[in-house]
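> Got a structure for you, questions after.
The values are calculated or read from the model by the stated rules, or taken from the named source; none is laboratory data. Here the structure is a predicted model, which means the values were calculated and not measured. Here Cβ is always computed from backbone atoms with ideal geometry, including for glycine, and neighbour counts include all displayed protein chains.
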Amino acid sequence: MGNRADGKVLAQNKKASHDYFIEDTYECGIVLTGTEIKSLRLGRANIGDAFATIRNGEAFIHNIHISPFEQGNRHNPSDPTRARKLLLKKVEIRKLFGLAKQDGYALVPLKIYVRNGFAKLLIGLGKGKKQYDKRDTAAKRDAQRDIQRVLREKQKVAR
């Protein structure tokens, strides 16, 4: 019997592609309590302000807001934005540590989803965009949207 939430994106950081050039992505597990995963499956999570750090050879994610589960019990965590451990291989942690400590780079969470019943976090190695890069990206997106609109209008007239 399959779980309906498998493969479903539970939370997404749409601001990440606006603020960073994502150069590489890594899939990692998250250490959660039972009530946190229930709340996450209901879509009560926000990763917009989250960031990842590496301390003492372990990776942690900070500022992911997972709202407390209403039908929860005494095992509900008291702090919805507590630091949560990320499950990565030692080789990946060492590689990420070396890359992320370079100037201008950060570990940015991109999305949370469920795979085979386990919550997974996709983190990206991002290089911060400058203000002119953000404007350039917005201009390209607007130009592409205008081109698509003109093509749709021409197809409607041709019919």
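> In region 91-136, what count of residues is obtained for those that are among the hydroxyl-bearing types (Ser, Thr, Tyr) and closer than 21 Å to Asp49 by Cβ? Spell out the reasoning first.
First, the residues of region 91-136 that are among the hydroxyl-bearing types (Ser, Thr, Tyr): 105, 113, 132.
Still in the running and closer than 21 Å to Asp49 by Cβ: 105, 113.
So the count comes out to 2.
> Condition (residue is touching a residue at least 40 places away in the same chain (Cβ under 8 Å), among the hydrophobic types (A, V, I, L, M, F, W, C) and within 19 Å of Leu42 (Cβ to Cβ)) applied to region 75-95: is it met by at least one residue? Outline the logic, then answer.
Going through region 75-95, the residues touching a residue at least 40 places away in the same chain (Cβ under 8 Å) turn out to be 75-77, 84-88, 92.
Those still in the list that are among the hydrophobic types (A, V, I, L, M, F, W, C) too: 86-88.
Those still in the list that are within 19 Å of Leu42 (Cβ to Cβ) too: none.
No, region 75-95 contains no residue that is touching a residue at least 40 places away in the same chain (Cβ under 8 Å), among the hydrophobic types (A, V, I, L, M, F, W, C) and within 19 Å of Leu42 (Cβ to Cβ).
> Still on this structure, I have one more. Residue by residue through region 109-159, note down the ones that are in a strand (DSSP E or B) and more than 24 Å from the chain's Cα centre (by Cα). Let's see the steps before the verdict.
At the first step, the residues of region 109-159 found to be in a strand (DSSP E or B) are 109-115, 118-128.
Passing the criteria: none in range.
> Okay, next question. Which residues, counting only those in region 56-105, are more than 19 Å from Phe118 (Cα to Cα), among the basic types (Lys, Arg) and at pLDDT 90 or above?
Matches in region 56-105: Lys90, Arg94, Lys95.
> Still on this model: Only one of (1) over 21 Å from the mean Cα position of the chain (by Cα); (2) basic (Lys, Arg); (3) more than 23 Å from Gln12 (Cα to Cα); (4) surrounded by 10 or more Cβ atoms within 10 Å (Cβ to Cβ) fails for Lys95. Which number is that?
Evaluating Lys95 over (1) over 21 Å from the mean Cα position of the chain (by Cα); (2) basic (Lys, Arg); (3) more than 23 Å from Gln12 (Cα to Cα); (4) surrounded by 10 or more Cβ atoms within 10 Å (Cβ to Cβ) leaves (1) as the failure.
> Okay, next question. Condition (residue is outside any strand (DSSP E or B), surrounded by fewer than 16 Cβ atoms within 10 Å (Cβ to Cβ) and in contact (Cβ under 8 Å) with a residue 40 or more places away in the chain) applied to region 62-74: is it met by at least one residue?
Within region 62-74 (the criterion being outside any strand (DSSP E or B), surrounded by fewer than 16 Cβ atoms within 10 Å (Cβ to Cβ) and in contact (Cβ under 8 Å) with a residue 40 or more places away in the chain), the answer is no, since none of the residues qualifies.
> Out of the residues in region 113-159 that are aliphatic (A, V, I, L, M) and farther than 20 Å from Asp19 by Cα, which is surrounded by the most Cβ atoms within 10 Å (Cβ to Cβ)? Talk me through it step by step, then tell me what you get.
Within region 113-159, the first condition is being aliphatic (A, V, I, L, M), and the residues that meet it are 114, 119, 121-123, 125, 138-139, 143, 147, 150-151, 157-158.
Restricting the remaining residues to those that are farther than 20 Å from Asp19 by Cα gives 114, 119, 147, 150-151, 157-158.
Values: Val114: 19, Ala119: 22, Ile147: 10, Val150: 10, Leu151: 10, Val157: 7, Ala158: 6.
Going through the qualifying residues, I end up with Ala119.
> Restricting attention to region 24-41, and to residues there that are loosely packed, with under 14 Cβ neighbours inside 10 Å and out of contact with any Lys or Arg (no Cβ under 6 Å at 6 or more places or on another chain), which single residue is farthest from Lys127 (Cα to Cα)?
Step by step, filter region 24-41, then rank; the result is Gly34.
> Something else about it: Mind telling me which of the residues Ala100, Ala83, Ala106, Ala59 ends up being within 29 Å of His18 (Cβ to Cβ), of a type outside the set (Lys, Arg) and out of contact with any Leu (no Cβ under 9 Å at 6 or more places or on another chain)? Steps first, please.
Values: Ala100 fails: out of contact with any Leu (no Cβ under 9 Å at 6 or more places or on another chain); Ala106 fails: out of contact with any Leu (no Cβ under 9 Å at 6 or more places or on another chain); Ala59 fails: out of contact with any Leu (no Cβ under 9 Å at 6 or more places or on another chain).
Selected residue: Ala83, the only one of Ala100, Ala83, Ala106, Ala59 that is within 29 Å of His18 (Cβ to Cβ), of a type outside the set (Lys, Arg) and out of contact with any Leu (no Cβ under 9 Å at 6 or more places or on another chain).
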